[in-house]
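Report on the structure given below.
Coordinate-derived values only; no laboratory data. Small disclaimer: the values here were computed from a predicted structure and weren't measured. With ideal geometry, Cβ positions are generated from the backbone for all residues, glycine too; neighbour counts draw on all protein chains shown.
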Amino acid sequence: MSPFPHLFEPLDLGFTTLRNRVVMGSMHTGLEDRTWDTNKLAAYFAERARGGAGLIITGGYAPNRRGWLLPFGAKLTTKTEAYRHRRITRAVHEQGGKIAIQILHAGRYSYMPGSVSASSIKAPINPLRPLKLSAKGIERTIDDYARCAKLAKLAGYDGCEIMGGEGYFINQFLAPRTNKRTDAWGGSAQNRQRIAVEIVRRTRAAVGPDFVIVFRLSMAELVEKGQTFDEVVSLAQDLEAAGVNILNTDIGWHEARVPTIVTSVPRAAFTEFTAKITAKVNIPVCASNRINMPEVAEEVLVRGDAQLVSLARPFLADPEWANKAAQNRVDEINTCIACNQACLDHAFQNKTVSCLLNPRAGHETELTLLPTRRTKRIAVVGAGPAGLSTAVNLAERGHRVELFEADTKIGGQFDIARRIPGKEEFNESIRYYNRMLELTGVTVHLNTRVTADQLIAGRYDDVVLATGVQPRIPDIPGIDHPMVLSYAELIRQEKPVGKRVAVIGAGGIGYDVSEFLTVEGHPTLELDEWKQEWGVTSDDEQVRGQLTTPRPAPAARDVVLLQRKTTPFGAGLGKTTGWVHRAALKAKGVEHIGGVNYERIDDDGLHISFGEKRQRPRVIRVDNVVICAGQESVRDLESPLRAADVSLHCIGGAELAAELDAKRAIDQGTRLAARL
């Protein structure tokens with residue numbers, strides 16, 4: 001029997017059956033936008049179909065040119081384009097999977113002059129103001145959706161997902177926030193919902209009864225002047241009557257100021273909204289957002305909150321997610337940690353989407369890890385992200401690998417990250433690597449500070465230096481004062497820390513440390529506490545946008561965050577996650593001081609001044625000063641190994657000490673393993 005019987009029960013839709021309840025949710029990879037990347041996209045989806053996904057949903061394709069996300073972006077409007085898509089659908093079907101195309105009109109989120117929306121209201125995340133779409137334009141657009149779905153059927157797709165959430169075109173008609181019309185397409189809830197229902201009705205007429213129509217329904221918009229939940233329920237019922245087969249959960253708009261998928265969001269945080277819709281309709285409903293492990297997915301289905309679960313980023317991290325779950329190999333799942341660094345951050349920078357934990361994602365045709373023709377003996381020094389990815393991938397290819405780690409456990413910077421409030425998911429990465437080291441037969445030497453002489457005497461074919469970084473200690477008078485701690489000493493709780501703390505350095509580590517300091521005991525927030533912290537309500541079905549007044553818990557300490565730069569704080573944080581960290585520190589009352597000179601540290605506290613002339617001297621009276629002033633590479637083994645003519649490879653922080661960069665480290669380790 002399957003360890004997750006509900007998750008792997010087939011779903012009979014009448015005219016077709018999904019092999020399980022696992023949906024690979026839509027994620028725009030960037031490969032959709034270039035015709036010459038079609039084969040890469042086919043390989044990407046085929047690997048996930050082979051990995052057991054029951055239904056795959058593509059990234060968004062516009063139904064017309066005005067719906068483009070970007071000029072010359074992904075669209076499906078011609079038979080020529082449809083025939084090209086057959087390479088994708090054929091690749092998925094050959095692996096036993098089913099695939100639906102997502103039809104997405106960007107509306108006011110389009111970065112293209114001449115974009116259109118329900119009303120001419122500029123989005124806060126877009127410099128361009130859309131045009132108000134005319135009534136005739138609305139009718140043409142509805143027909144474009146239906147034609148796009150018909151072309152998708154010609155292309156061999158099993159169905160389509162109509163994107164009706166996330167603040168895109170249809171959602172812009174649904175919400176009073178963006179629909180100020182007074183004609184038949186605006187005003188009352190029924191009028192605002194008319195375009196969504198009509199798109200589904202005409203799409204069903206165009207594709208016939210044997211084509212899956214999924215509608216991505218915005219169940220909690222998390223923006224002011226959004227829909228009430230009563231309106232969402234009414235729309236769901238009308239969509240069912242119009243011909244939808246599956247309702248998929250959508251949470252939040254891109255402009256929402258409530259995090260919905262970052263790592264600090266509790267797992268399955270929004271399934272209570274899905275459950276309420278499930279109780280009101282007679283078609284399957286799919287739960288979404290922060291469902292990253294099989295036990296979480298199974299629990300959602302057991303409770304009856306939904307009939308399917310949608311996972312997007314978890315299939316980037318591990319294409320075999322479903323197969324591993326079905327075969328009770330859960331400890332082998334490379335769990336999505338919801339960091340966004342190589343997926344959403346790449347998407348919003350117009351780069352090909354990939355995964356911090358799995359650099360092969362989106363690069364399946366070019367980054368291959370084939371069995372080696374010649375087995376080598378390879379030493380890897382350092383069991384942080386770079387060393388772990390190198391060692392495991394080398395061993396999977398068939399090399400004999402020895403891994404040396406000075407600490408008593410693996411993890412390196414992951415071991416520090418997992419201790420930050422809201423970053424507990426890094427525990428899963430350490431669990432994954434521990435298991436993979438065991439399965440691949442890597443010989444692991446913990447608590448071993450290997451010397452250059454030992455490595456030279458070992459006569460390895462190659463040595464990989466992945467020795468990482470150590471905190472950089474700036475030259476400030478009094479830096480050796482007892483009140484001073486490095487970020488590593490603080491996070492590992494090697495020294496006590498008082499109630500008033502100054503943090504020197506406002507990069508990613510400085511923000512992590514400040515969050516660490518403001519939360520007493522560093523507990524994982526329970527869902528109710530998290531909702532209270534960010535102002536999310538599921539109790540009042542008349543509240544627009546499902547927002548209430550945030551009530552963050554008081555800070556455990558008084559924290560001052562300082563930087564030498566005069567630039568805005570947090571400017572170098574992740575594009576899609578930085579605002580969350582900035583908002584969290586603001587809610588905790590962390591004081592920010594920029595453009596400072598660090599004069600000295602003494603019993604009175606941290607002495608600072610401002611500007612080249614060192615004006616306005618000030619003493620910040622604190623119990624402790626935490627140093628987050630960057631890192632230095634640990635590479636003391638490099639010179640003697642090179643002098644001995646050892647075949648040496650330096651990767652990760654050992655090669656370049658910048659902000660802690662696990663994405664670069666794992667990518668380098670994987671690519672090195674593919675070459676050796």
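What net charge do the residues around A268 carry, taking every other residue with its C-beta under 10 Å from that of A268, with Lys and Arg at +1 and Asp and Glu at -1? Net charge in that neighbourhood comes out at 0. Taking a straight Cα-Cα cut-off under 17 Å and skipping sequence neighbours fewer than 8 places away in the same chain, the aspartates and glutamates within cross-link reach of K613 are E599. Of the residues G384, G165, P550, the one whose Cα sits farthest towards the positive end of the charge dipole of the chain is G165 (charges of +1 on Lys and Arg Cβ, -1 on Asp and Glu Cβ, taken about the Cα centre).
Here the dipole of segment 258-331 is about 220 debye; that uses its Cα centre as origin and unit charges on the Cβ of Lys and Arg (positive) and Asp and Glu (negative). What the Cα atoms of segment 452-604 give is an Rg and a Dmax of 20.5, 73 Å. Projecting the Cα atoms of P640, C650, V619 onto the charge dipole of segment 617-663, computed from C-beta unit charges around the Cα centre, puts V619 farthest toward the positive end.
Where both bridge residues fall in segment 487-602, DSSP classifies roughly 10% of the beta bridges as antiparallel.
Binning all Cα-Cα separations of segment 596-653 at 10 Å, short to long from zero, yields these whole-percent fractions: 18, 28, 16, 17, 18, 3. For K376, a cut-off of 30 angstrom between C-alpha atoms picks up these lysines, skipping any fewer than 8 places away in its own chain: K324, K409, K663. For the chain, the antiparallel share of DSSP beta bridges with both residues in that region comes to about 20%. The overall shape of segment 457-528 is oblate: from the C-alpha gyration tensor, with semi-axes ordered a ≥ b ≥ c, the ratio a/c is 1.5 or greater and a/b is no larger than b/c.
Close amide H contacts of A556 (hydrogens built in the peptide plane, cut-off under 5 Å, sequence separation of 5 or more or a different chain): V519, E520. Note down the net charge around K351, summing +1 for each Lys or Arg and -1 for each Asp or Glu among other residues with Cβ under 11 Å from its Cβ. Taking every other residue near K351 into account, the sum is 0. Here segment 122-246 has an Rg and Dmax of 14.4, 42 Å, counting Cα atoms alone. With one equal scatterer per alpha carbon and no solvent term, the Debye-computed log10 I(q)/I(0) for segment 213-343 at 0.10, 0.14, 0.22 1/Å reads -0.33, -0.65, -1.33. For segment 303-376, the alpha carbon convex hull comes to 158 Å³ per residue, rounded to a whole number.
Summary of the geometry: segment 101-146 and segment 415-464, compared by the centres of their Cα atoms, lie 50 Å apart. For the listed peptides 271-284, 486-499, a ranking on the average number of other beta carbons within 10 Å per residue, highest first, reads 271-284, 486-499. Take every Cα pair under 8 Å whose residues are at least 6 apart in sequence, average their separation, divide by the length of the chain, and the relative contact order is 12 percent. I'd like the distance between the alpha-carbon centres of segment 43-58 and segment 183-198, rounded to an integer number of Å. Using only Cα atoms, the two centres lie 36 Å from each other.
Highest average first, the peptides 263-269, 577-583, 328-334, 446-452 ordered by how many other beta carbon atoms sit within 10 Å of their residues are 263-269, 577-583, 328-334, 446-452.
Taking the Cα centre of the chain as origin and assigning +1 to Lys and Arg Cβ atoms and -1 to Asp and Glu Cβ atoms, the resulting dipole is close to 2320 debye. Students often forget the sequence filter, so: which lysines lie under 20 Å Cα-Cα from K180 once same-chain residues fewer than 8 apart are removed? Within reach: K122, K132, K136, K225. Averaging the Cα positions of each part gives two centres, and for segment 526-579 and segment 258-328 these lie 24 Å apart. Distance distribution note for segment 198-252: the fraction of Cα pairs above 15 angstrom is 49%. Rounded, prolate or oblate: which fits the chain, taking a ≥ b ≥ c as square roots of the Cα gyration tensor eigenvalues, rounded meaning a/c under 1.5, else prolate when a/b beats b/c? The shape class here is oblate.
Based on the alpha-carbon gyration tensor of segment 621-676 and its eigenvalue square roots a ≥ b ≥ c, which shape applies: rounded if a/c is under 1.5, prolate if not and a/b is larger than b/c, or oblate? Here segment 621-676 falls in the oblate category. Among 195-201, 247-253, 562-568, 603-609, the peptide with the highest mean count of other Cβ atoms within 10 Å heads the list, and the full ranking is 247-253, 195-201, 603-609, 562-568.
What does the charge count near L239 come to, summing +1 for each Lys or Arg and -1 for each Asp or Glu among other residues with Cβ under 14 Å from its Cβ?
+1
Looking at segment 149-198, what % of the alpha carbon pairs are farther apart than 14 Å? Cα-Cα pairs in segment 149-198 separated by more than 14 Å: 54 percent.
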